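Worksheet: the structure to be examined is printed underneath.
The values are calculated or read from the model by the stated rules, or taken from the named source; none is laboratory data. Fair warning: this is a prediction, and the values are worked out from it, not measured in the lab. We place every Cβ from the backbone using ideal geometry, glycine too, and count neighbours over all the protein chains shown. The accessibility values were calculated without ligands, DNA or RNA, using every heavy atom of the protein model including side chains. Shrake-Rupley method; radii C 1.70, N 1.55, O 1.52, S 1.80 Å.
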Amino acid sequence: MITTTKPINELLKEWQEQRLITSLDRHFALQLAQLHQESAPLFTLICALVSQYLSSQHTCLPLKQIDTENPFKEQLSQCQINLQTDELEAALLQFDAIGTVDGAELKPLIIDKGNLYLQRYFSYETQVAEHLNRLSFAPVDSNLDDTELTHASELLNQLFPASEQQYDWQKIATATAMTKKLAVITGGPGTGKTTTVTKLLYLLCSRQEMTIRLVAPTGKAAARLSESIKASKLRLASEMSQMGIVDLDKNIANIPEEAATLHRLLGVIPNSHQFRHHKDNPLRLDLLVVDEASMVDLPMMHKVLSALPEHARLILLGDQDQLASVEAGAVLADICAGLKQINKKTKQTRWKMHYSQPQVELLGQLTRTSLAEFVSQDPKIGDSLCMLMHSHRFQGDAGIGQLAMAVNHSNLARITEVWQSGYQELLWIEHALANTSHSSSFENKGLESLLEQSVEQYGVYLATMSQEENDADKIIDSFNQYRILCAMRAGEYGVEGINQSVTKALAAKGLIQPEQEFYAGRPVIIQSNDYNLGLFNGDIGLILPDCSSQSRRLMAHFIQADGSLLKVLPARLPSHETCYAMTVHKSQGSEFSHVSLVLPIKPSVAQQQLLTKELVYTAITRAKHHFTCLGSQRVFEQASRSLTQRASGLAQRLWRD
């Protein structure tokens, strides 16, 4: 069934050495073959492939995507599968370890709908689909009667005054969430997701007492959600006070402000992958709001949904165009997949809501808006979705917004036009290699320009550190105005190389003194969770003198999700690294006044797979006022037309089954 130039065990070792597979992929295949006493090379090969796909964040291996002529994409193929897709599925089902969902016995590997799954991920995917569909189609416990409907409509129209836009999607999203147990509110930066959910929570709190929890995937995202909710409550209070709405203080006070991480919500059990809350010990809440849902992987979404009590509502907030989760799956993108429409000629993507006729009528009554053009005969979970279309952050012809939109649409002509339009908030720095006095070495004038910028930008917080030494909050806020983002970790233009370069540049100007590991002003990013300290992967802090002690010893200072200041002895920090630069992935959930993106000069094949339009779009939209890119036109454009592909069957289970 397969042809190889060498025994499959030798090929697996070679592929690992060539970094085509990981050691985990190799050992998984060998051990599963040994455990089930399978000597057929095809079985070992397919096990290595399905593990490789999981390592690449896919939740399954689509059999039709296997390149039978060169399964592992070698430069010179040493292995071929001599079967068509339908023949391959039949051949795989002959192995004892591979079965179907209809089989009497659940096997370690499952084939379903042409996809090969590890049994655990098959269970995750099917159960997540079941949970989401159940929530979407379940009636809300307290349906609106005619009187409540009229009152809710009046209040909605007070909260969302008449707009110049044809459709006020914030109002429609709020009405959607009022009528459904599941509400998925998506949209790009500045479209008002937090404002929308704050007004929604006000409406819900005005109708009944509710236990509401706010969560996000990371500590940084949770802290930012808390800040956003607090600011939205203040704006809402001001707006409603002007409208003379009664019970203002009470209802707004009931809107929670403190957000937690998903791990803290579920309750971590030390030295265990299990959580305290699960289907047999559900969470104590009536409504769960999950922000930055694009960062939530399939296993975590499964754990969250399993821990929801039967009566609870769920609101997912996020940007479906951002980077998918670091681990397997792209749950938010799969949920929104049915709304995507691609023009066959231009390849441009547009999004369109899909509502049932009864939902259109209900939303029309609540919002006093005709949504007839969005009626669908088979909306599936579309009744629970709403996409915010209008950005309030990037008004009119703002360069950052225009660039983000062009990248998101993979419109190369428009990308070039935006970069050449002279927007003051955009700065392009070209990689410019030049010979040094040594003929065999080069210096990059572009990198030098970026380092000059970083010294200027980071010099502000370092100056604040000397002027405001008693105000750690102000110093940290100043530091968070600027950040360098890298596409990858390793290499001269990755996080490791850029951090070293910035450290040297700041030291050369006398702004820092990095002779020791921990020095005043050093930014650190946490690399693992420490629940005892309350520090989580992605948390960022500064090493500063502790002004509350006479010794003024150096302490790591972190702003927590509730806004309080956490001080930790540097020696007690969990694994961490310097953070003048961080990966784009780690920046999700954050915003900075000025962002600089660093792209590699000549990306390897592995690096090219990381450089996608979602990565570039996410980096651009982290910037509020200024965006800089150090790169080359070729690499930027290649990344902008490369889409993240995550193999999954979840979208099909939500939209086509």
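Only one entry in Gln516, Gln467 is modelled with pLDDT under 90, within 20 Å of Leu565 (Cβ to Cβ), over 27 Å from the mean Cα position of the chain (by Cα) and of a type outside the set (A, V, I, L, M), namely Gln467. Of the residues making up the range 105-122, just one is without any contact (Cβ under 8 Å) to a residue 24 or more places away in the chain and polar (S, T, N, Q), namely Gln119.
Of all residues in the range 203-237, those being without any contact (Cβ under 8 Å) to a residue 24 or more places away in the chain and open to solvent by 60 Å² or more (accessible area, probe 1.4 Å) number 1. With respect to the stated conditions, His626 is in a strand (DSSP E or B), open to solvent by 30 Å² or more (accessible area, probe 1.4 Å) and either touching a residue at least 12 places away in the same chain (Cβ under 8 Å) or at positive phi (or both).
Thr44 meets the conditions (1) among the β-branched types (Val, Ile, Thr); (2) more than 26 Å from the chain's Cα centre (by Cα); (3) not in a helix (DSSP H, G or I) in every case but one. The failed one is (3).
Could you run through the range 287-317 and say how many residues are in contact with a strand residue (DSSP E or B) (Cβ under 8 Å, 6 or more places away or on another chain), of a type in the set (D, E, K, R) and surrounded by fewer than 24 Cβ atoms within 10 Å (Cβ to Cβ)?
Filtering the range 287-317 for residues in contact with a strand residue (DSSP E or B) (Cβ under 8 Å, 6 or more places away or on another chain) gives 287-296, 303-308, 312-317.
Now restrict to residues that are of a type in the set (D, E, K, R): 291-292, 303, 313.
From what's left, surrounded by fewer than 24 Cβ atoms within 10 Å (Cβ to Cβ): 303, 313.
Summing the residues that are in contact with a strand residue (DSSP E or B) (Cβ under 8 Å, 6 or more places away or on another chain), of a type in the set (D, E, K, R) and surrounded by fewer than 24 Cβ atoms within 10 Å (Cβ to Cβ) in the range 287-317 gives 2.
Scan the range 201-219 and give yes if some residue there is part of a helix (DSSP H, G or I), among the hydroxyl-bearing types (Ser, Thr, Tyr) and within 24 Å of the chain's Cα centre (by Cα), otherwise no. Scanning the range 201-219, I find no residue that is part of a helix (DSSP H, G or I), among the hydroxyl-bearing types (Ser, Thr, Tyr) and within 24 Å of the chain's Cα centre (by Cα), so the answer is no. Among the residues of the range 531-545, just one is open to solvent by less than 60 Å² (accessible area, probe 1.4 Å), over 17 Å from Ala216 (Cα atoms) and at pLDDT below 85, namely Leu533. When Ser590, Ser528, Ser564 are checked against the criterion of being within 14 Å of Lys220 (Cα to Cα), among the polar types (S, T, N, Q) and in contact with a Lys or Arg (Cβ under 7 Å, 6 or more places away or on another chain), a single residue qualifies: Ser590. The conditions of being surrounded by 14 or more Cβ atoms within 10 Å (Cβ to Cβ) and more than 27 Å from Ser648 (Cβ to Cβ) are met by Ala40. Among the residues of the range 318-327, none qualifies, meaning not one is over 19 Å from Ala221 (Cβ atoms), open to solvent by less than 20 Å² (accessible area, probe 1.4 Å) and touching a Lys or Arg at 6+ places or on another chain (Cβ under 9 Å).
The single condition from (1) under 16 Å from the mean Cα position of the chain (by Cα); (2) without any contact (Cβ under 8 Å) to a residue 60 or more places away in the chain that His278 fails is (1). Only residues that are farther than 30 Å from Gln18 by Cβ and open to solvent by less than 90 Å² (accessible area, probe 1.4 Å) were counted in the range 97-116, giving 6.
Condition check ((1) outside any strand (DSSP E or B); (2) modelled with pLDDT under 90; (3) on the phi < 0 side of the Ramachandran plot) across all residues:
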{"position": "Ala561", "(1), (2), (3)": "yes, yes, yes"}
{"position": "Leu566", "(1), (2), (3)": "no, yes, yes"}
{"position": "His585", "(1), (2), (3)": "yes, yes, yes"}
{"position": "Ser590", "(1), (2), (3)": "yes, yes, yes"}
{"position": "Ser593", "(1), (2), (3)": "no, no, yes"}
{"position": "Lys602", "(1), (2), (3)": "yes, yes, yes"}
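Taking the criterion of being in contact with a His (Cβ under 8 Å, 6 or more places away or on another chain) and of a type in the set (A, V, I, L, M, F, W, C), the residues of the range 616-635 that qualify are Ala623, Phe627, Leu630.
Regarding Gly99, is this residue more than 17 Å from Ile2 (Cβ to Cβ), of a type in the set (Gly, Ala, Ser) and either in a helix (DSSP H, G or I) or out of contact with any Asp or Glu (no Cβ under 7 Å at 6 or more places or on another chain) (or both)? No: the conditions fail for Gly99.
Can you confirm whether the range 462-480 contains a residue that is part of a loop (DSSP other than H, G, I, E, B) and closer than 26 Å to Leu610 by Cα? Give the derivation first.
Step one: of the range 462-480, the residues part of a loop (DSSP other than H, G, I, E, B) are 468-471, 480.
Now restrict to residues that are closer than 26 Å to Leu610 by Cα: 480.
Looking through the range 462-480, at least one residue is part of a loop (DSSP other than H, G, I, E, B) and closer than 26 Å to Leu610 by Cα.
Of the residues making up the range 154-192, those that are open to solvent by 10 Å² or more (accessible area, probe 1.4 Å) and of a type in the set (A, V, I, L, M) are Leu155, Ala162. Scanning the range 73-96 for residues that are more than 15 Å from Gly114 (Cβ to Cβ), assigned to a loop (DSSP other than H, G, I, E, B) and open to solvent by less than 50 Å² (accessible area, probe 1.4 Å) yields Glu74, Ser77, Gln78, Phe95.
Filtering the range 45-70 to residues that are open to solvent by less than 10 Å² (accessible area, probe 1.4 Å) and either of a type in the set (A, V, I, L, M) or more than 17 Å from Arg646 (Cβ to Cβ) (or both) leaves Leu45, Ile46, Cys47, Ala48, Leu49, Val50, Leu61, Leu63.
Considering only residues of the range 279-325 that are in a helix (DSSP H, G or I) and polar (S, T, N, Q), which is farthest from His409 (Cα to Cα)? Working first, answer last.
Step one: of the range 279-325, the residues in a helix (DSSP H, G or I) are 293-295, 298-307.
Of the ones still in play, those that are also polar (S, T, N, Q) are 294, 306.
Working: Ser294: 18, Ser306: 36 Å.
In this case the residue turns out to be Ser306.
Scanning the range 481-530 for residues that are open to solvent by less than 40 Å² (accessible area, probe 1.4 Å), farther than 14 Å from Thr578 by Cβ, hydrophobic (A, V, I, L, M, F, W, C) and in a loop (DSSP other than H, G, I, E, B) returns Ala487, Met488.
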